[in-house]
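To keep things clear, I will list the structure first and then write my remarks on it.
The values are calculated or read from the model by the stated rules, or taken from the named source; none is laboratory data. All values reported here derive from a predicted model rather than from experimental measurement. Please note: Cβ atoms are built from the backbone with ideal geometry, for glycine as well, and neighbour counts cover all protein chains shown.
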Amino acid sequence: MTAGEVARLVTVFERDDPAAARERDAVRARLAQAPVAPVIGLTGAPGVGKSTLIGALVPHLTVHRRVAVLAVDPSSRVSGGALLGDRARMPGGDDRLFVRSQASGGQPGGLAATTGDVVWLLRRLFGLVLVETVGVGQTEDDIAGVANHVLLLLQPLAGDVLQHLKAGVMEVADALVLTKCDEQSLASRAHAELASTVGLARPGRRVPLHAVSARTGRGLPELAAAVLAVSA
Ligand SMILES: Nc1nc2c(ncn2[C@@H]2O[C@H](COP(=O)(O)OP(=O)(O)OP(=O)(O)O)[C@@H](O)[C@H]2O)c(=O)[nH]1
Ligand SMILES: [Mg+2]
């Protein structure tokens, strides 16, 4: 299926009219027996680096799987921003990558109303699905309902780290990703700080902590390997 055909089908799964509903039913029946790909959710505060990380991570993933990225934007601003900018810079490989933005439409919870339906479709057309939520606060944890594995992104030394630990989004995080670790000293300090607080917040449960930099490429092969391992 070409990217154009996928994009048209996604629109059918987003539309709210009888013709679209009929086509959705037909597509659902056709894909009922298709293999179902895992879904990785990426969530975190506005500006933490979700889109940039996805853009930098995707080349490490498309080597192994065909990847669909669904990025939920806060409003009708459907430019795709950093994500599409990064995608434009990606070498070739477009048939292994599909990128789509969705407007959240002011919906609380970090996702759009039709995100679940579109994810249903994408996981039957690709080998791996990444979902970026809108920049979330403390209680927008809907991503846990659509993703098998949730990465919670945090910035180094972003004030009181403990504030994240009581939050709903913290509860649904399967792994933490410390973004913007461009320099070793920053990475080490932030990693140590977060590792100790994570131990306090989730006693008895090991939450992996990845330090990455989309700018320098630090930690990206390791994070990609971890993502592929949990979605094998
Ligand atoms: N130094 C540095 N800056 C980064 C890195 N990754 C992202 N940034 C910057 O952080 C800012 C926000 O990045 P985005 O990727 O747009 O963040 P986001 O979480 O997708 O933001 P929203 O979708 O608006 O919530 C941009 O100015 C990026 O250039 C990094 O690894 N190092
Ligand atoms: Mg973004």
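P91 fails exactly one of the following numbered conditions: (1) in a loop (DSSP other than H, G, I, E, B); (2) away from ligand 1 (no atom under 12 Å from the Cβ); (3) modelled with pLDDT under 95; (4) surrounded by 12 or more Cβ atoms within 10 Å (Cβ to Cβ). What is the number of that condition?
(4) is the only condition that P91 fails.
Mind listing whichever residues of the stretch 29-44 are under 13 Å from A232 (Cα atoms) and within 16 Å of ligand 2 (Cβ to nearest atom)? Break it down into steps so the answer makes sense when it comes.
Step one: filter the stretch 29-44 for residues under 13 Å from A232 (Cα atoms), giving 35-40.
Matches in the stretch 29-44: I40 only.
Where residues in the stretch 165-218 are in contact with an Asp or Glu (Cβ under 6 Å, 6 or more places away or on another chain) and more than 16 Å from ligand 1 (Cβ to nearest atom), which of them is modelled with the lowest pLDDT?
G168
Report yes if A32 is more than 16 Å from ligand 1 (Cβ to nearest atom), modelled with pLDDT under 85 and hydrophobic (A, V, I, L, M, F, W, C), otherwise no.
When the stated conditions are applied, A32 does not pass them.
Quick grid of which residues meet (1) among the basic types (K, R); (2) outside any helix (DSSP H, G or I); (3) away from ligand 2 (no atom under 16 Å from the Cβ):
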residue: A7; (1), (2), (3): no, no, yes
residue: E23; (1), (2), (3): no, no, yes
residue: V27; (1), (2), (3): no, no, yes
residue: P46; (1), (2), (3): no, yes, no
residue: S51; (1), (2), (3): no, no, no
residue: P59; (1), (2), (3): no, no, yes
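Mind counting the residues in the stretch 109-125 that are within 14 Å of R24 (Cα to Cα), under 14 Å from the mean Cα position of the chain (by Cα) and not β-branched (V, I, T)?
Here the count works out to 2.
Taking the condition buried (at least 22 other Cβ atoms within 10 Å of the Cβ) and in contact (Cβ under 8 Å) with a residue 60 or more places away in the chain, does V58 pass? Explain how you work it out, then say what you get.
Numbers: buried (at least 22 other Cβ atoms within 10 Å of the Cβ): yes; in contact (Cβ under 8 Å) with a residue 60 or more places away in the chain: yes.
Considered against the rule, which asks whether it is buried (at least 22 other Cβ atoms within 10 Å of the Cβ) and in contact (Cβ under 8 Å) with a residue 60 or more places away in the chain, V58 comes out as yes.
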